[in-house]
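Heads up, the thing below is written out as structure tokens.
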Amino acid sequence: MRAAWYEKQGPARDVLVVEEMPDPVPGPGEVRIRVAASGINPGDTKKREDAFGYGMAYPRVIPHSDGAGVVDRIGPGVSSEWIGRQVWCYGAQSYRPFGTAAEFTVVPVDQVAPLPRNVSMEQGACLGIPGITAHRAVHVGGSLNGRTVLVQGAAGSVGLCAVQLARRAGARVIGTVRTTADETTARNAGAQEVVVNDHDLTARVKAVAPQGVDHIVEVAFGANVDADIELLNNEGSIATYATDNPAPRVPVWQMVFKNIRLYFLGSDDFPKAAKIAAAQDLNAALEAGWSGFEIGERIPLEQIARAHELAEHPVRSGRIVVTI
């Protein structure tokens, strides 16, 4: 098969190659997917450049955890009903060396979801990490029916999924965006109120939610923690999946006085049942008419280095998808 991989970490153009390697064979409980589209997430580029200092977990890595395509082969113990089905997958390169930036990928069958008929392969390739992270961030603190949720970064990949999933959970959703240009994206995802995250953030949110906020989905914990605490009601909660500062100040006493719960979320290690529930709820949202992601760039596999560079330094809005 044709595949992209790296055997050392560094800048995309220095380490990524596209060459031939043997076709993978699914093992017990696995399926093989003929990949049509491969999604790029920040974690994929950070692994490639060793942003976290973990080094090479495997001698050769085919990047990208998310993708979509057609199941063409199954391993022992997998129902034959999967053969020929259009699917999306997640976790292909989570604790595994070979992801979706290839003509074929092999994943456990419980990390595969049917692709709804009204959804493109490009959309399916973008769902995994953002959608599953968003689902966990929305639901980790309990029921949100009738409660008020603030989604920081509501126009981002995780943010817009969180907005949609929180609405479907019965919450009133307020989204924050960096500029007014992002407001339409957040509203299309389902946010009833959208405010710009600037020095007047707390005043803006209090103006539309004078009763306070019950739960916050947070993309920049270090930058926003003070505002989050001020806006949260007693016994409120924060679910954070990213931070602008790797070692932020945590105002413990202010959180103690409000009995605030804080959840740190890393998608690779969510419980299996939570991931499966997320995939089901994301499919339900798409089948109900949610438009999903804007696709900003479609880049062929042969140009994967350029795709990584665009993911790191976007020139237009929307997701970067590698087409196979």
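Here, each number is a calculation from the coordinates, and none is a lab measurement. Remember, it's a predicted structure, so these values are computed and weren't measured experimentally. With ideal geometry, Cβ positions are generated from the backbone for all residues, glycine too; neighbour counts draw on all protein chains shown.
Each Lys and Arg contributes +1 and each Asp and Glu -1, all at the Cβ; summed about the Cα centre of the chain, the dipole is approximately 460 debye.
Among 317, 38, 80, the order by Cβ neighbours within 10 angstrom, fewest to most, reads 80, 317, 38. The number of Lys pairs in the chain with C-alpha atoms less than 22 Å apart, excluding pairs fewer than 8 positions apart on the same chain, is 4. Taking the chain as a Gaussian network of alpha-carbon nodes connected by springs under 10 Å, the highest mean-square fluctuation of the residues 212, 99, 84 belongs to 84.
With contributions of -39500 (n - 2.57) from each DSSP H run of at least four residues, the per-residue ellipticity at 222 nm computed over the chain stands at -8500 deg cm²/dmol. For helix 221-231, report the angle its Cα long axis makes with the longest principal axis of the Cα atoms of the chain; keep it between 0 and 90° and round to the nearest 10°. With rounding to tens, the tilt is 40 degrees. To the nearest 10 degrees, how steeply does helix 157-168 sit against the main Cα axis of the chain, on a 0 to 90 scale? The answer is roughly 60 degrees. Taking the Cα atoms only, what angle lies between the long axis of helix 272-287 and the longest principal axis of the chain, rounded to 10 degrees? Helix 272-287 and the main axis of the chain meet at about 90 degrees.
Footprinting exposure proxy ranking of 121, 21, fewest other C-beta atoms within 10 angstrom first, gives 21, 121. Using DSSP, restrict attention to beta bridges with both residues in the chain and report what percent are antiparallel, rounded to the nearest 5. Beta bridges within the chain, antiparallel portion: roughly 55 percent. Which residue fluctuates most in the GNM of the chain (Cα springs below 10 Å): 55, 141, 69? Taking springs between Cα atoms under 10 Å, the residue moving most is 55. Shown here: Cα extents along the principal axes in Å, derived from the displayed model; of the candidates (1) 59, 41, 34; (2) 63, 44, 38; (3) 68, 56, 33, it corresponds to (1). Between 165, 282, 310, the Gaussian network model of the chain with springs among Cα atoms under 10 angstrom shows the greatest mean-square fluctuation at 310.
For segment 141-264, the orientation-averaged shadow of the C-alpha convex hull comes to 6.8 nm² (one quarter of the hull surface). Between segment 71-101 and segment 1-16, the C-alpha centres lie 22 angstrom from each other. Applying both filters, DSSP loop and at most 13 other Cβ atoms within 10 Å, to the trypsin sites (Lys or Arg not before Pro) of segment 232-319 gives 249, 316.
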